[in-house]
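For reference, the structure is listed below as structure tokens.
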Amino acid sequence: MPAVQETVDRVRRIDVDQYRYGFETLIESEKAPKGLSEDIVRFISEKKNEPAWMLEWRLEAYRRWLTMTEPTWARVHYPKIDYQDLYYYAAPKPKKTLSSIDEIDPEILKTYEKLGIPLREVAILEGVEPPPGGEPSEQRKIAVDAVFDSVSVATTFQKELKKAGVIFMPISEAIREHPELVRKYLGSVVPTSDNFFATLNSAVFSDGSFVYVPPGVRCPMELSTYFRINERNTGQFERTLIIADKGSYVSYLEGCTAPQRDENQLHAAVVELIALDDAEIKYSTVQNWYPGNSEGLGGIFNFVTKRGDCRGANSKISWTQVETGSAITWKYPSCILRGDNSRGEFYSIAISNGYQQVDSGTKMIHLGKNTSSRIISKGIAAGKSQNTYRGLVTAHRKATGARNYTACDSLLIGDKCGAHTVPYVEAKNSSATFEHEATTSKISEDVLFYCVQRGLSQEEAVGLVVNGFVKDVLQQLPMEFAVEAQKLISISLEGSVG
Amino acid sequence: MALLEVKDLQVRVEDREILHGLSLTVNPGEVHAIMGPNGSGKSTLSHVIAGKPGYEVTGGQILFRGEDLLEMEPDERAAKGVFLAFQYPVEIPGVATMNFLRTALNAQRKARGESEYSTPDFLKKVREVSKSLNIPQDMLKRGVNVGFSGGEKKRNEILQMALFEPSLCILDEMDSGLDIDALRIAADGVNALRSLERAMVVITHYQRLLNYIVPDYVHVMAKGSVVKTGGKELALQLEESGYAQFEDA
Ligand SMILES: Nc1ncnc2c1ncn2[C@@H]1O[C@H](COP(=O)(O)OP(=O)(O)OP(=O)(O)O)[C@@H](O)[C@H]1O
Ligand SMILES: [Mg+2]
């Protein structure tokens, strides 16, 4: 069929080779010896000057991990990972103890500059990059925690946030400075025994961000963490812990990139969110790890456990994710709706291209009364990729009046890719109302031709149609990042353009 | 020089020949009507001129101002001034009409090496044109053609035509689905665009449209080629006698 052939030819040109963040930073780094053992766990803990309780916690997780097996239920295929052939700790060698941003290794500063991440405390207007020649706006500020391989290299706006009572710092620091908070909440949403990758993370996590927003405080700026994997053969295991105390609000965003390499790299993060009474957490992710090349060589294995606990009444947690990177994505940001009247939301755009495999979705666990949840998932598959939405919605016996609305739409570009929807629904009480809608469509030749007849190039047409398809979710992102995400979506799909 | 010259065009779709040696010459300033029974190949001709994928041209030529149109990508043809108002305009969910109009217009201008419209200039222009076509502003905020009535979709096509100011306008059954008032408004919109430089090819089943848009030539298409050409009175004759005489030929 000539019309289909045309699309196939177009899609063949659409590949993942245009990854723009694939450069490597050449700096001296300090690594733990390869492999995993109790000694390595001790090494990491010691490097971080951790208290004894933290080491114990890690060791317990490590022993647990030894008894576990890697999960195989997801629709993803990859060669066996040799956990003894990885580095579990890599840190840029500090010249001395840093007291200000000007003392950070210029190579690292340059890296973040190239990535468009502001490590200086400047306000920004649109996108993470200030507009060329544009004045930075006074109103919009974003605090950044920059994590480079296993360590946090800079956290901006800490002083200003402190004035508001907000704690935003690397988790390694929080363990030392706010042990009472960390001990109370760490592992309280994702227990050390949760799953193979989360347990591994608990044993060897290196750094990540810690946020505490005190009662009644609306965090005065967007918080963000920017993760960068640089070292070769190094796993990245970050740990993020966010606590929104009663009546508080925080919006947090994470971004991630990695150099282009032929071998796969493991990224197994854990994110825990806790919202107490009347608190709200908005967590957004723009995930752009290196996806591998157009032959499917290299790329990040993104095996991540993210869970939010709406612990208090009337609390709300909202996950928004734009997933364009990684060779394999295995992640299900979830909400435990424990507090009465609590609400969970999951908005997702997952784009797969080349040989990428995505198995992602969410779990909404309704435990409290009159809890509600909403799931909007947009999967886009191109090239030879496989894109699966996997979701679970359950209502406990006591979760009377639980409500869920789920809409999963998949868009296929070309005919060598696949989209799959695997919803699990379980209502253990009769007053729950769960609605589920799902569609799968091919990008329409007629729609593309309509756009092209009006003067758009084929690539622009695909970008426009896809951006229209994901619009409901894009609108959920903080304004600055929506612009960035929109660009990213077009880049991930446009072969020759961009 | 002729604006459009279709010479002995042969077109196949999936191994079936649909157009068998069709010829048509359109000069600047002229209005041509194409009539003919269902399935005679009218839309196929318009698609091939616009460059829709899926058609195989097995013979003949299409020249646009003397240039080989078949060598050009469809978006290039659009930028050169070929506009097709579709018989069945598609919906593009999530893409606001206003945004679409602007993206398309600027893409065309960029391809021609012209500067992009500034926001105020663009808005002014859209407001003018949409007003003359009786298109409410809030319709432009909705997704392209999403939830538009049949008549609204057709008016949206004319709106784009007026905005892009193409030199060749092909209108494929713009009258289908329009009520009497809407037909008049749309036809007025088309007539307003008639000029010495611009040509129109109007595909229709109904003589009535040609009372509003008066053609210089009427062509009868049957079974994949033009079987008769005449003046506007030919449309009236067809209304009387139907297509049977051509179909048996
Ligand atoms: N993609 C296609 N695959 C198979 N046959 C096709 C295709 N497109 C058009 N045809 C056939 O070509 C012939 C001409 O179709 P076309 O749409 O051009 O007719 P038309 O004159 O515009 O008809 P109408 O007046 O109903 O709009 C028809 O027999 C149609 O079935
Ligand atoms: Mg037709």
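The values are calculated or read from the model by the stated rules, or taken from the named source; none is laboratory data. Every value quoted in this text rests on a predicted model; they were computed, and no experiment measured them. Neighbour counts run over all protein chains shown; Cβ positions are idealised from the backbone, glycine included. Remember, those area values only see protein heavy atoms, side chains included, never the ligands or the DNA or RNA. Shrake-Rupley method; radii C 1.70, N 1.55, O 1.52, S 1.80 Å.
Taking the conditions exactly as written (more than 15 Å from A:V452 (Cβ to Cβ) and under 20 Å from the mean Cα position of the chain (by Cα)), does B:E73 satisfy them or not?
no
For the range A:490-497, indicate whether the set of residues that are within 14 Å of chain B (Cβ to nearest Cβ) and closer than 14 Å to A:A350 by Cα is non-empty.
The answer is yes, given that some residue of the range A:490-497 is within 14 Å of chain B (Cβ to nearest Cβ) and closer than 14 Å to A:A350 by Cα.
With the requirement that a residue be in a loop (DSSP other than H, G, I, E, B) and modelled with pLDDT of 90 or more, what does the range A:356-382 give you?
The answer is A:L367, A:G368, A:K369, A:N370, A:T371.
Looking at B:I62 and the list (1) within 16 Å of ligand 1 (Cβ to nearest atom); (2) more than 17 Å from the chain's Cα centre (by Cα), which single condition is not satisfied?
(2)
Would you call A:I413 of a type in the set (A, V, I, L, M) and open to solvent by less than 20 Å² (accessible area, probe 1.4 Å)?
yes
Could you please give the count of residues in the range A:225-249 that are open to solvent by less than 10 Å² (accessible area, probe 1.4 Å) and either at pLDDT below 95 or in a strand (DSSP E or B) (or both)?
16
What single numbered condition from (1) out of contact with any strand residue (DSSP E or B) (no Cβ under 8 Å at 6 or more places or on another chain); (2) more than 16 Å from ligand 1 (Cβ to nearest atom); (3) part of a helix (DSSP H, G or I) fails to hold for B:M161?
(1)
Against the conditions (1) out of contact with any strand residue (DSSP E or B) (no Cβ under 7 Å at 6 or more places or on another chain); (2) more than 7 Å from chain B (Cβ to nearest Cβ), where does A:V425 fall short? Just the number, please.
Among (1) out of contact with any strand residue (DSSP E or B) (no Cβ under 7 Å at 6 or more places or on another chain); (2) more than 7 Å from chain B (Cβ to nearest Cβ), the lone unmet condition for A:V425 is (1).
Considering only the range A:319-346, state which residues are open to solvent by 10 Å² or more (accessible area, probe 1.4 Å) and among the aromatic types (F, W, Y).
A:W330, A:Y332
For A:G127, work out the one condition from (1) at pLDDT below 75; (2) open to solvent by less than 10 Å² (accessible area, probe 1.4 Å); (3) out of contact with any Gly (no Cβ under 9 Å at 6 or more places or on another chain) it doesn't fulfil.
That leaves (3) as the condition not met.
For residues that are farther than 22 Å from B:D75 by Cα and β-branched (V, I, T), scanning just the range A:465-481, find the one that is farthest from the other protein chains (Cβ to nearest Cβ).
A:V473
Taking the range B:190-210 only, how many residues are open to solvent by less than 70 Å² (accessible area, probe 1.4 Å) and either of a type in the set (D, E, K, R) or more than 16 Å from ligand 2 (Cβ to nearest atom) (or both)?
Qualifying residue count for the region: 9.
Inside the range A:446-464, can you point out the residues that are facing chain B (nearest Cβ under 7 Å) and either of a type outside the set (A, V, I, L, M, F, W, C) or farther than 13 Å from B:A104 by Cα (or both)?
A:D446, A:V447, A:Y450, A:Q453, A:R454, A:G455, A:S457, A:E460
Under the condition of being within 16 Å of ligand 1 (Cβ to nearest atom) and either among the small types (G, A, S) or buried (at least 19 other Cβ atoms within 10 Å of the Cβ) (or both), which residue from the range B:211-225 is nearest to the other protein chains (Cβ to nearest Cβ)?
Per the criteria, the residue is B:G224.
More than 23 Å from A:N467 (Cα to Cα), of a type in the set (A, V, I, L, M, F, W, C) and more than 14 Å from ligand 1 (Cβ to nearest atom) - does that describe any residue in the range B:85-105?
no
Looking at A:T421, A:T394, can you tell me which residue is more than 23 Å from the chain's Cα centre (by Cα) and among the polar types (S, T, N, Q)?
One residue alone meets the criteria, A:T394.
State all residues of the range B:20-52 that are of a type in the set (A, V, I, L, M, F, W, C) and touching an Asp or Glu at 6+ places or on another chain (Cβ under 6 Å); if no residue qualifies, say none.
Residue satisfying the conditions is B:V31 alone.
Among all residue pairs at least 6 apart or on different chains, which show Cβ distances below 7 Å where the first residue, located in the range A:150-167, is over 21 Å from A:H267 (Cβ atoms) and modelled with pLDDT of 90 or more and the second is open to solvent by less than 10 Å² (accessible area, probe 1.4 Å) and part of a strand (DSSP E or B)?
As it stands, the answer is A:V166/A:V213; A:I167/A:F210; A:I167/A:V211, since those pairs meet every condition given.
Of all residues in the range A:395-423, which are of a type in the set (A, V, I, L, M, F, W, C) and under 30 Å from A:L464 (Cβ atoms)?
Hits for the range A:395-423 are A:A407, A:C408, A:L411, A:L412, A:I413, A:C417, A:A419, A:V422.
Name the helices (runs of 4 or more DSSP H) wholly within the range A:1-111 that hold at least 1 residues that are under 24 Å from A:E177 (Cβ atoms), modelled with pLDDT of 85 or more and more than 14 Å from chain B (Cβ to nearest Cβ)?
It comes to A:38-47, A:52-66.
Please indicate, with yes or no, whether at least one residue in the range A:382-395 is surrounded by 19 or more Cβ atoms within 10 Å (Cβ to Cβ), more than 20 Å from A:F434 (Cα to Cα) and among the aliphatic types (A, V, I, L, M).
The answer is yes, given that some residue of the range A:382-395 is surrounded by 19 or more Cβ atoms within 10 Å (Cβ to Cβ), more than 20 Å from A:F434 (Cα to Cα) and among the aliphatic types (A, V, I, L, M).
Any residue in the range B:176-197 that is away from every other protein chain (no Cβ under 14 Å), within 16 Å of ligand 1 (Cβ to nearest atom) and within 20 Å of A:R454 (Cα to Cα)?
Scanning the range B:176-197, I find no residue that is away from every other protein chain (no Cβ under 14 Å), within 16 Å of ligand 1 (Cβ to nearest atom) and within 20 Å of A:R454 (Cα to Cα), so the answer is no.
Does at least one position in the range A:283-303 carry a residue that is out of contact with any Leu (no Cβ under 6 Å at 6 or more places or on another chain), modelled with pLDDT of 95 or more and open to solvent by 10 Å² or more (accessible area, probe 1.4 Å)?
Checking the range A:283-303: not a single residue is out of contact with any Leu (no Cβ under 6 Å at 6 or more places or on another chain), modelled with pLDDT of 95 or more and open to solvent by 10 Å² or more (accessible area, probe 1.4 Å).
I'd like to know if the range B:175-185 contains one or more residues that are under 25 Å from B:N106 (Cα atoms) and either open to solvent by less than 10 Å² (accessible area, probe 1.4 Å) or among the aromatic types (F, W, Y) (or both).
no
If you check A:N264 against the conditions, is it among the polar types (S, T, N, Q) and within 19 Å of A:R75 (Cα to Cα)?
In short, yes.
Quick one: count up the residues across the range A:285-314 that are touching a residue at least 60 places away in the same chain (Cβ under 8 Å), small (G, A, S) and more than 18 Å from A:R228 (Cβ to Cβ).
So the answer is 4.
In the range B:175-211, which residue that is without any contact (Cβ under 8 Å) to a residue 40 or more places away in the chain and β-branched (V, I, T) is nearest to B:A2 (Cα to Cα)?
Ranking the qualifying residues of the range B:175-211, first place goes to B:V190.
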